[in-house]
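J.: Provided herewith is a single structure, encoded as structure tokens, for subsequent inquiry.
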Amino acid sequence: MLNINNLHVELEDEDKAILKGLSLTVPAGEVHAIMGPNGSGKSTMSYVLSGKGGYEVTGGTATLDGVNLLDMEPDERAAAGLFLAFQYPVEIPGVGNMTFLRTAVNCQRKARGEEELSAADFLKIIREKAKSLKIDAEMLKRPVNVGFSGGEKKRNEILQMAMLEPKMCILDETDSGLDVDAMKLVSDGVNALRDGKRSFLVITHYQRLLDHIKPDVVHIMADGRIVKSGGPDLALEVEHNGYADILAEVAA
Amino acid sequence: MKLAQAKTDAAEARVNRSDLPTGGKWANEARLAALTRLHGAGLPGRRDEYWRFTRPDDLNRADAPAADLLKTGESPVFGDLDRLKLVFVDGVLDRDQSDAMAMQHVEIETLADAAAADIHWARDIYGVLETAGQAPVERPLAALNTALAENGLVIRVTGKAPRPINLQYLRRDQCADAVVHHVIKVESGAELTLLENGPGAARLSKVAEVDIADGGIFHHVRTQGRDHQRRAHTHIFARLGKESEFKSFTLTVNGALTRNEYVITLHGDDARAHVAGACTGDGATGAFHQDDTVFIAHDAVNCESRQVYKKVLRNGATGVFQGKILVQPGAQKTDGYQISQGLLLDDDSQFLAKPELEIYADDVACSHGSTVGAIDEGAMFYLMSRGVPKSRAQELLVLAFLAEALEEIDSETIRDDIRDRLAAWVERHSG
Ligand SMILES: Nc1ncnc2c1ncn2[C@@H]1O[C@H](COP(=O)(O)OP(=O)(O)OP(=O)(O)O)[C@@H](O)[C@H]1O
Ligand SMILES: [Mg+2]
């Protein structure tokens, strides 16, 4: 599904390398987790994959189902099936959450040559999905993320994901800021989307989320590349011992 | 001295071009007095501080520059509302296209009829509020209007008007130079909504003097047409009594030159004045220069005023905002708010703002803010990452930017209508 090969990325404005030979493969239907110290480049990777400006790819490739992601506009990547749940969802005053979502869904459908959803159908579907994430009608009417609590913003990200039904979902610290119950809601939301074909890349600092969303593979990222990959046990090891041992082992 | 002479000469030339209205009784005196004011001030010049951001040349010229007539095939704004419709063509009332000038609690006459009466209440307002509005800054083009206007309406509201009055300003002649002057008196406890739409003329000079007695309510929404080359200079002079309310919203899209001036005096305690505007201009479809110049004077206790202006500018379009809140001595508990914002969609466009506060009382809460900026890249990326193409994302963000100004319109029906028209404009001028 997702194939990243020896990716090198620098900041456009400064001469600063952030991703330094990142390689990662997420096969269809699998859930992979990425853990790693603050500043190791996890969010940068997710931004570069989704096409945010300000970064320069100086080497390597990234493909989704064999299609080169790096040449596409962000909206084309989304229509191709990529989704990023932001670590820091953006507030957009003046744009209603509902208008935003309906526009997004229909723009993607149009880009894929599918028929647009009618207002009535859209409403029916979103009500259902919002309910399971405990997002009330009032929140749907409000401007995108404006005045939402941290946890509400994260739930809103998952609602968008559920509505857009992407092939490849990247979740950047979706668990941070969630209370215990919300974590369960969000995880249930993610698990409901697991259908054996859809893939997930879950960025997190905590083993807790991975109790709910069981990963097939756990990667450790440090200084802009994957330094170690393993099974779910790797997350437990990080939880208990931190990164020092792993980083020392890699350096040796 | 030479400069002053040149300005007076220009005024002379402008006045000589037109015939002074005839047939007026009391009005003739007011017109002659206005001429004297005009001669004293001369026409505005480029060096005048008040005209620093807007060149008055096309308003001063003896002849109106031609403007192509735009056929849109669109339904007129306010067309679906239950309203009393009065149509002006090139600034002249067209009775055939208009409804009968009668409505419960409202007296409507033409300016010419009112002017021909021996005695008329309008005498206490016509040219009077305009004169009061000549300080602290001279507004010679308003005096010119008072001197020359033959057309306009004289409206007296004595109770709650059952329907809005809708003045439609249509165009027929490419070069029409229209001078329109309305007088509106809202009696104590009375209520009127005035809706205006359409470009009016190749060059439109419009003055409205609005006198609101204690507890009166005057709501006003206007759209200034879509003709690209038309020019318009409007003044609204309003005097507010105790516990009265004045609200005015203006939508300006297109137009080579627009200058909308307000002079509002809060005379009675607990009065409220809100003015707002949304404006979109695209230099690619013709020159665009739009100027909102607002002066609000607080001269009573516990009054509230609000100014909310938003302008979206692209391809060399220019937006101007000059807004002043004056708090007179003794106008305690004043609540004054002012915000003006420009959204520039490229580097060629500009937003020029001059927000001012002048306060002579100590127990007041006044705030003003002015910003100019581009589309927020973070919001843009967020929308695009959800599959919304760049042009559509920009449309959404432009409309979001304008939303705060539209919120100032009380009527949801009218607000939605105006929002739809703005959305259509934004879509036409997208990409
Ligand atoms: N636009 C930018 N300008 C300057 N530095 C940046 C920028 N974007 C990323 N960086 C730097 O790149 C490094 C990687 O940042 P990134 O946000 O990808 O880390 P992360 O692994 O997601 O960290 P965290 O776990 O704290 O979320 C950091 O040192 C960060 O300061
Ligand atoms: Mg991060």
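The values are calculated or read from the model by the stated rules, or taken from the named source; none is laboratory data. The structure presented is a predicted model; accordingly, all values stated were derived computationally and were not measured. Methodologically, a virtual Cβ is constructed for each residue, glycine included, from the backbone with ideal geometry; neighbour enumeration extends over all protein chains shown. These area figures cover heavy atoms from the full protein model, side chains too; ligands, DNA and RNA do not enter into them. Shrake-Rupley method; radii C 1.70, N 1.55, O 1.52, S 1.80 Å.
J.: Quickly estimate the mean residue ellipticity at 222 nm for chain B, helices only: each DSSP H run with n ≥ 4 gives -39500 (n - 2.57), and the total goes over all residues, rounded to 500.
T.: Working: 9 runs with 98 residues, N = 431.
So the calculated ellipticity at 222 nm is -7000 deg cm²/dmol.
J.: So how far apart, in nm, are the two label points at B:Asp96 and A:Val90 if each is 7 Å from Cα heading toward Cβ?
T.: 5.5 nm
J.: Now a separate question. Of B:Tyr382, B:Tyr337, B:Tyr50, A:Tyr88, which has the most accessible area and how do the rest follow, probe 1.4 Å?
T.: A:Tyr88, B:Tyr337, B:Tyr50, B:Tyr382
J.: Ok, one more. Excluding same-chain residues fewer than 8 positions from B:Lys354, which aspartates and glutamates have a Cα within less than 12 Å of its Cα?
T.: Cα-Cα hits under 12 Å: B:Glu49, B:Asp291, B:Asp292.
J.: What share of Cα pairs, in percent, lie more than 18 angstrom apart in segment A:34-108?
T.: Working: 1397 of 2775 pairs.
That fraction is 50 percent.
J.: At B:Glu427 and B:Gln328, where each label point lies 7 Å from the Cα along Cα→Cβ, what is the point-to-point distance in nanometres?
T.: So the two model labels end up 4.9 nm from each other.
J.: Provide Rg over Rh for segment B:2-380; use the alpha carbon set for both Rg and the Kirkwood Rh (inverse mean inverse pair distance).
T.: 0.95
J.: As a test of understanding, state the convex hull volume per residue of chain A from its alpha carbons, in Å³.
T.: On the way: hull volume 32.1 nm³, N = 252.
Per-residue hull volume (Cα only) is 127 Å³.
J.: Where does the Debye-calculated log10 I(q)/I(0) of the protein assembly as shown sit at q = 0.07, 0.09, 0.11 Å⁻¹, using only Cα point scatterers of equal weight, no solvent?
T.: -0.59, -0.83, -1.04
J.: Another question, then. How large is the accessible surface per residue of segment B:2-380, computed with a 1.4 Å probe and reported in Å² as a whole number?
T.: Numbers: 14160 Å² over 379 residues.
Ligands and nucleic acids excluded, the result is 37 Å² per residue.
J.: I'd like the interface area for chains B and A: accessible area of each alone minus the complex, both sides summed, 1.4 Å probe, protein heavy atoms only. What is it in Å² to the nearest 100?
T.: 1800 Å²
J.: Among the residues of segment A:53-91, which ones have their accessible area go down by 40 Å² or more when all the protein chains sit together, as opposed to their chain alone (1.4 Å probe)?
T.: A:Pro74, A:Asp75, A:Phe86, A:Val90
J.: Cα centroids of segment A:3-65 and segment B:121-188: how far apart, whole angstrom?
T.: 65 Å
J.: So between A:Lys110 and A:Lys131, what do we pick up on full extension, going 0.36 nm a residue minus the alpha carbon distance? Present the calculation step by step, with values, prior to reporting the outcome.
T.: On the way: separation 21, 0.36 × 21 = 7.56 nm, distance 2.66 nm.
Between A:Lys110 and A:Lys131, full extension yields 4.9 nm more.
J.: I need the semi-axes of the equivalent ellipsoid of segment A:1-67: take the C-alpha gyration tensor, multiply each eigenvalue by 5, square-root it, list largest first in whole angstrom.
T.: The three semi-axes for segment A:1-67 are 21, 14, 10 Å.
J.: Could you tell me what percent of the accessible area of chain B is made up of carbon and sulfur, with a 1.4 Å probe and every protein chain present?
T.: With neighbouring chains kept in place, the figure for chain B is 47 percent.
J.: With a cut-off of 8 Å between alpha carbons and a minimum separation of six or more residues, what is the relative contact order of chain A in percent?
T.: Averaging sequence separation for qualifying contacts and normalising by length gives 28 percent for chain A.
J.: From the square roots a ≥ b ≥ c of the eigenvalues of the alpha-carbon gyration tensor of segment B:66-185, which class results: rounded (a/c under 1.5), prolate (a/b over b/c), or oblate?
T.: Oblate.
J.: Could you state the accessible area per residue of segment A:148-252 in Å², with a 1.4 Å probe and every protein chain left in place?
T.: 41 Å²
J.: Multiply the residue separation of B:Lys354 and B:Tyr337 by 0.36 nm, subtract the distance between their alpha-carbon atoms, and state the gained length in nm to one decimal.
T.: Residue separation times 0.36 nm, minus the Cα-Cα distance, leaves 4.7 nm.
J.: Right, something else. Checking buried surface per residue: for segment B:354-396, which residues lose a minimum of 20 Å² accessible area in the protein assembly relative to the chain alone (1.4 Å probe)?
T.: Correct list: B:Ala379, B:Phe381, B:Tyr382, B:Leu383, B:Met384, B:Ser385, B:Arg386, B:Gly387, B:Val388, B:Pro389, B:Arg392, B:Leu396.
J.: Separate question: Where does helix A:180-193 land angle-wise versus the long Cα axis of chain A, in degrees 0 to 90, nearest 10?
T.: The angle comes out at about 80 degrees.
J.: Rg over Rh of segment B:1-121, using C-alpha atoms and the Kirkwood radius, what does it come to? List each step's numbers first, then the result.
T.: Working: Rg = 19.3 Å, Rh = 18.3 Å.
Expressed as Rg/Rh, it is 1.05.
J.: Then there is this: Averaged per residue, what accessible area in Å² does segment A:1-103 show with a 1.4 Å probe, protein chains only?
T.: So segment A:1-103 comes to 39 Å² accessible per residue, rounded to a whole number.
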